[in-house]
Amino acid sequence: MKISKLKLLVICICIALFVIPFFWINPGEMDLGGDSGRLYFYDPLSLLKNVSLYTINPEGIGNVEYNVFNIPFLILTSIIKLFLQSPYLVISLFNSLKLVVGFIAMYAIIKELLEVKRHHKSLRELSAIMAGLFYIFSPMFIGNFDRALTNHDQVFLNPLIFYLMLRFILVSK
């Protein structure tokens with residue numbers, strides 16, 4: 001099986017994007033800033049047991065909140081934290097996956113939107129790579145990346161959903 005140089009470049013970029021978030025904070029520290037607080041990375045099982053399974057606001061101010069949408073994410077986070085044993089690793093892993101999936105989704109979108117021609121195949125690949133890198137590193141698109149809520153991860157979720165809808169429209173499957 002032969003891998004082209006451009007596919008190898010995409011793989012190297014994905015590996016580099018996966019490693020970058022591990023250098024954002026020091027090992028043992030936690031990034032709890034932003035609007036969402038991110039305490040679910042510290043102890044997701046306690047948050048699941050004490051907050052998300054109840055519809056009454058735990059502060060006792062009488063509001064009724066439905067946090068059921070958060071249950072699958074907290075279960076996944078609990079399982080990952082069970083194996084990794086460190087909130088630092090869990091936070092870095094989730095940030096890494098956001099960057100990699102965001103890049104791959106934008107790369108795939110641009111590749112689908114550009115026409116396929118025999119002589120311009122490498123130009124199409126390079127354009128898709130550049131668009132993915134621009135999306136990931138542009139502050140205009142990820143200006144609130146450090147404050148993203150669990151249900152509002154637009155860094156990777158919006159391009160991924162758009163790509164899946166585009167593939168469905170083009171292929172009808």
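The values are calculated or read from the model by the stated rules, or taken from the named source; none is laboratory data. Predicted, not measured: the structure shown is a model, and the values here were computed from it. Virtual Cβ from ideal backbone geometry, glycine too; neighbours counted across all protein chains shown. Just the protein is used for accessible areas: all its heavy atoms, side chains included, with ligands, DNA and RNA removed. Shrake-Rupley method; radii C 1.70, N 1.55, O 1.52, S 1.80 Å.
General remarks:
- Near Leu8, once Lys and Arg are set to +1 and Asp and Glu to -1 for all other residues with Cβ below 12 Å from its Cβ, the sum equals +2.
- Label separation (Leu164 vs Trp24): 2.3 nm, computed from points 7 Å beyond Cα along the C-beta direction.
- A full extension of the chain between Ser127 and Leu45 corresponds to an added length of 25.2 nm, given 0.36 nm per residue minus the alpha carbon distance.
- From phi via Karplus (6.51, -1.76, 1.60), per-residue ³J(HN,Hα) for the stretch 121-128 in Hz, x at Gly/Pro: 5, 5, 5, 5, 4, 5, 5, 5
- The string of couplings for the stretch 21-26 from the Karplus curve (6.51, -1.76, 1.60, θ = phi - 60°) is x, 6, 9, 5, 10, 6 Hz, one whole number per residue in order, with x for Gly and Pro.
- Accessible-area ranking of Ser46, Ser122, largest first, probe 1.4 Å: Ser122, Ser46
- Full extension of the segment from Ile11 to His120, taken as 0.36 nm per residue of separation minus the current Cα-Cα distance, would add 37.1 nm.
- Label-to-label distance for Ser4 and Leu89 is 3.8 nm, based on points extended 7 Å past Cα in the beta-carbon direction.
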